[in-house]
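Presented below is the structure to which this report refers.
The values are calculated or read from the model by the stated rules, or taken from the named source; none is laboratory data. What you see is a predicted model, and the numbers here were worked out from it, not measured in a lab. Neighbour counts are summed over all protein chains in view; Cβ atoms, including those assigned to glycine, are modelled from backbone coordinates with ideal geometry. Protein only, heavy atoms only, side chains kept; ligands, DNA and RNA dropped before computing areas. Shrake-Rupley method; radii C 1.70, N 1.55, O 1.52, S 1.80 Å.
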Amino acid sequence: MPAHRFPKKERLCSKKIWETVFSRGVRLKAFPMVLQYSRCPLPENVPVQVGFAVPKKSFKKAVDRNRIKRLMREAYRLEKAGLFNNIEGSYAFVFLYLGKEMPAFSDISQAVKTLLKNFNAHEEAVEK
């Protein structure tokens, strides 16, 4: 499977898993984003399922929220190859955008890189 894809089976659609991530997940921050993740069994045979969220309180227009989610999906899609090579087990990720203004792609991309690097470091520390 080509590395630079984001197929439907890698999207976090289950409400039950979303709730699990928020109730007992681990939170990593890299302004303007937060990565909340949890180790849990997934319905599909993939190592990670990912969801993206932007608060309605900060961005009233759906057009703006959807644009930010598209930017986050693209940044994740480009960075996920390094993640899949180093991961064992199955995880559910939720990326949250917490900034107050429309971001540039470079800001989102840098935050996603930082969060995935912090995730790898945190998981290695937990396993030891």
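Couple of notes before you dig in:
- Here is the tail figure for segment 44-109: Cα pairs spaced more than 17 Å apart come to 44 percent of all pairs.
- Angle between the chain longest axis and helix 15-24 axis [Cα atoms, degrees, rounded to 10]: 80 degrees
- Result for the chain in a Gaussian network model with C-alpha springs under 10 Å: among ASN118, ASN45, ASN85, the largest mean-square fluctuation is at ASN85.
- Once the Cα atoms are used to define both axes, helix 62-85 deviates from the longest principal axis of the chain by about 30 degrees.
- Placing unit charges on the Cβ atoms of the charged side chains and taking the dipole of segment 29-128 about its Cα centre, the candidate lying farthest along the positive direction among VAL94, LEU71, THR114 is LEU71.
- The Cα center of segment 75-128 and the Cα center of segment 1-54 differ in position by 10 Å.
- Mean separation of Cα contacts under 8 Å (6+ apart) over length of the chain, as relative contact order %: 35 percent
- Amide H contacts of ALA30 (H built 1.01 Å from N, under 5 Å, at least 5 apart or other chain): LEU35
- Contour minus Cα-Cα distance for LYS100 and GLU88 (0.36 nm per residue): 0.8 nm
- Accessible area per residue in Å² at 1.4 Å probe, computed on segment 26-128: 54 Å²
- The chain: angle of helix 105-127 to the longest principal axis, Cα-based, in degrees nearest 10: 30 degrees
- Dipole magnitude for the chain: about 660 debye, using +1 per Lys or Arg Cβ and -1 per Asp or Glu Cβ, origin at the Cα centre.
- Out of every Cα-Cα pair that the chain contains, those further apart than 18 angstrom amount to 51 percent.
- Within the chain, helix-based [θ] at 222 nm, where runs of 4 or more DSSP H residues each add -39,500 (n - 2.57), nearest 500: -15000 deg cm²/dmol
- The GNM of the chain, with springs linking C-alpha atoms under 10 angstrom apart, assigns the highest mean-square fluctuation among ILE68, ILE108, ILE87 to ILE87.
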